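The structure under discussion appears below in the form of structure tokens.
Every number here is computed from the coordinates shown, using simple stated rules; none is lab data. Since we're looking at a predicted model, the values are computed, not measured. Reconstructed Cβ throughout: ideal geometry from the backbone, glycine too, with neighbour counts over all protein chains shown.
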Amino acid sequence: MALHAVAHPVVLLEVHVTIRDLQKRLGVNVDGKFGPASTTALLDRLTNLKAPALTAEDFDKVAHDLNVPVAIIRAVRKVEAPRGPFDDSGRPSILFERHVFSRASKHRFDKLVPALSGPAYGKGGYGSFAAQYPRLVLACAMDPGAAFSACSWGAFQVLGENAVALGYDSAFDMALALTASEAAHLDCFVRFVRTNGLEDELRACRPGDPESCIPFVSRYNGSGFRQFNYHVKLAEAAL
């Protein structure tokens, strides 16, 4: 699996987003059918081949503001998005979480499309790195609000379901924000850490010491963190 999921400790529900709502935002014909024109417009809006990368100064500023070693912040980024913050097409790296889509869409599609909507969380079932945006598009044709909520986004893989709690108008707006630059990804991570009060847990992480990382990853990645060895990966990435 190329990407890794992020948990969702603080979630505020957003107003339900329909296909017509998304089509209005995209400036395409509003017909309630998420076809080729809507797909093209969506992918165009999420593409930025010239998005600025993070600088050492960006990392240093956030490390200072959070009072966290910069190596730990860099390690979280390395673990969460090993393929990079953007894919080869210039879109924020995502992982489509089918169990989140199921929850966000009130399980309406579990029987219809179990590959996209179901209760399972764990290894397998995610598909390849290249398959994530096609999965998002297919989900948008059913419930775009749930589709954007169900993706973990960007360099720090923050789940879209957190968007409103983090100060974005919607999961779609969070995705658009992350399209602008990698600095926006770091800002999203900082919002998540502060909203969920994870400063102390992040500060306690020590390079080469997986046990010290458990308090952070158990909340950032969820109770199933051991299944993916997040505590080990974070400790090793910080060396």
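Mean projected area of the Cα convex hull of the range 144-220, taken over all directions, amounts to 5.2 nm². Amide H to amide H, with H built 1.01 Å from N, ARG206 comes under 5 Å of SER212, CYS213, counting only residues 5 or more places away or on other chains. Only DSSP H runs of four or more residues enter the estimate; each adds -39500 (n - 2.57), and after division by the residues of the chain the mean residue ellipticity at 222 nm equals -13000 deg cm²/dmol. Note down the relative contact order for the chain as a percent, whole number, built from C-alpha pairs under 8 angstrom at least six residues apart. Across the chain, relative contact order equals 28 percent.
Here the 3J(HN,Hα) profile of the range 145-154, calculated from phi with Karplus coefficients 6.51, -1.76 and 1.60 at θ = phi - 60°, is x, 5, 4, 6, 5, 7, 9, 8, 10, x Hz, Gly and Pro shown as x. Sorting the segments 198-205, 55-62 by their residues' average number of neighbouring beta-carbon atoms within 10 angstrom, most packed first, yields 198-205, 55-62. Residues whose amide H falls under 5 Å from that of PHE86, counting only those 5 or more places apart or on a different chain, are SER93, with hydrogens built in the peptide plane.
Summarising the amide proton neighbourhood of TRP153: residues at separation of 5 or more, or on other chains, whose placed amide H is nearer than 5 Å comprise VAL158, LEU159, GLY160. Each residue of the range 48-54 was assigned a 3J(HN,Hα) from its phi angle through the Karplus curve 6.51 cos²θ - 1.76 cosθ + 1.60 (θ = phi - 60°); the sequence is 8, 6, 10, 4, x, 7, 5 Hz, with glycine and proline shown as x.
Under the convention that each Lys and Arg Cβ holds +1 and each Asp and Glu Cβ holds -1, the size of the dipole of the chain around its Cα centre is about 660 debye. Cross-link partners for LYS78 among the aspartates and glutamates, with Cα-Cα distance under 12 Å and sequence neighbours closer than 8 places in the same chain left out: GLU236.
Restricting the calculation to Cα atoms, the range 19-237 shows an Rg/Rh of 0.97 when the hydrodynamic-style radius is the Kirkwood one.
Assuming charge only on the beta carbon of Lys and Arg (+1) and of Asp and Glu (-1), the dipole of the range 134-219 about its Cα centre is about 80 debye to the nearest 20.
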